[in-house]
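Here is the structure we will look at.
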Amino acid sequence: MAKVEVLNLDNKKVGDVDLNADIFERAVRKDILQTVVKWQLAKRRQGTHKAKTRSDVSGGGIKPYKQKGTGNARRGSSRSPLIRGGGVLFGPTPRDYSFALPKKIRKAAVKYALSYLHSQGRVKVVEALDSAEGKTKALSKQLGNMGLKKSVLICDTLNDNFERASRNIPKFVYQPVEGVNVYDLLKYDSVVFEKSSLAKLEERLGTEA
């Protein structure tokens, strides 16, 4: 197991903690990370795009012009995809982009993402994510003093004051262990765990994947 320092929000060391090697010291599988990120983004897509086909376009009930003598192509409807204002041929229709992915793969991907961040020295542990006053300015200064610019903040249970203080700080996301996901871990520069959240993380991910 790897041992990391436990800090407080004033960036002072208050102890040490061992990180589970099964979660933070795995050989990274980039192919699985890519698959899970693709899965997450696919689930977020609304899929409400729609283009009008010739059956959806208004008009077209009468022949636009006579069959012969005009020098134009023979047209039977103004809704033809070949003319301006007509329907769209093979246009987008509403669809669901999501696809199934085994839970075992999803859990493994979180471990790979955490292992990657740990190998880069981008995993931090703090004693507690708490803000007595719930003030954004004070918390922003504390995070800056810790050298954090763009991070995922993981807690055991959501703290109302801390959530209020972190809400308007750009490039930081505050979430409980249940919200840990591959996309956010790879999108942000680092991850900060509340010490008590590590046990819940192990419980969620288990020791096999």
Helix 136-145 vs. the chain, principal-axis angle (Cα, 0 to 90°, nearest 10): 70 degrees
Which label in (i) 55, 21, 13; (ii) 40, 23, 19; (iii) 43, 22, 14 gives the computed semi-axes √(5λ) of the Cα gyration tensor in Å: (i)
Chymotrypsin sites (Phe, Trp or Tyr not before Pro) restricted to DSSP loop in the stretch 87-186 with at most 15 other C-beta within 10 Å: PHE90, TYR97, PHE99
Approximate spin-label separation LYS187-LEU89, in nm, with each point projected 7 Å along Cα-to-Cβ: 3.9 nm
Kirkwood hydrodynamic radius (C-alpha pairs) into Stokes-Einstein, the stretch 48-96, 37 °C and 0.692 mPa s, D in µm²/s: 274 µm²/s
Net charge of neighbours whose Cβ lies under 12 Å from the Cβ of LEU117, counting Lys and Arg as +1 and Asp and Glu as -1: +2
Folded to 0 to 90 degrees: helix 30-44 orientation relative to the chain principal axis, Cα: 60 degrees
Given charges at beta-carbon only (K, R positive; D, E negative), |dipole| of the chain in Debye: 2340 debye
Loop-located GluC sites (Glu not before Pro) in the stretch 80-183 whose Cβ has at most 11 other Cβ within 10 Å (DSSP): GLU133
Listed residues SER58, SER77, ALA113: farthest to the positive end of the dipole of the chain (Cβ charges): SER77
Tilt relative to the chain, helix 103-119 - C-alpha long axis, 0 to 90 degrees, to 10: 60 degrees
Cα→Cβ-extended label distance, 7 Å offset, between GLN67 and THR53, nm: 2.8 nm
Average projected area [Cα convex hull, the stretch 77-172], square nanometres: 12.3 nm²
Proximal charge balance of LYS3 [Cβ under 10 Å; K/R count +1, D/E count -1]: -3
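Every number in this text was worked out from the coordinates using simple rules, so none of it is lab data. In this text the structure is predicted, and so the values were computed from the model without any measurement. As a convention, Cβ positions derive from the backbone with ideal geometry for all residues, glycine included, and neighbour counts pool all protein chains shown.
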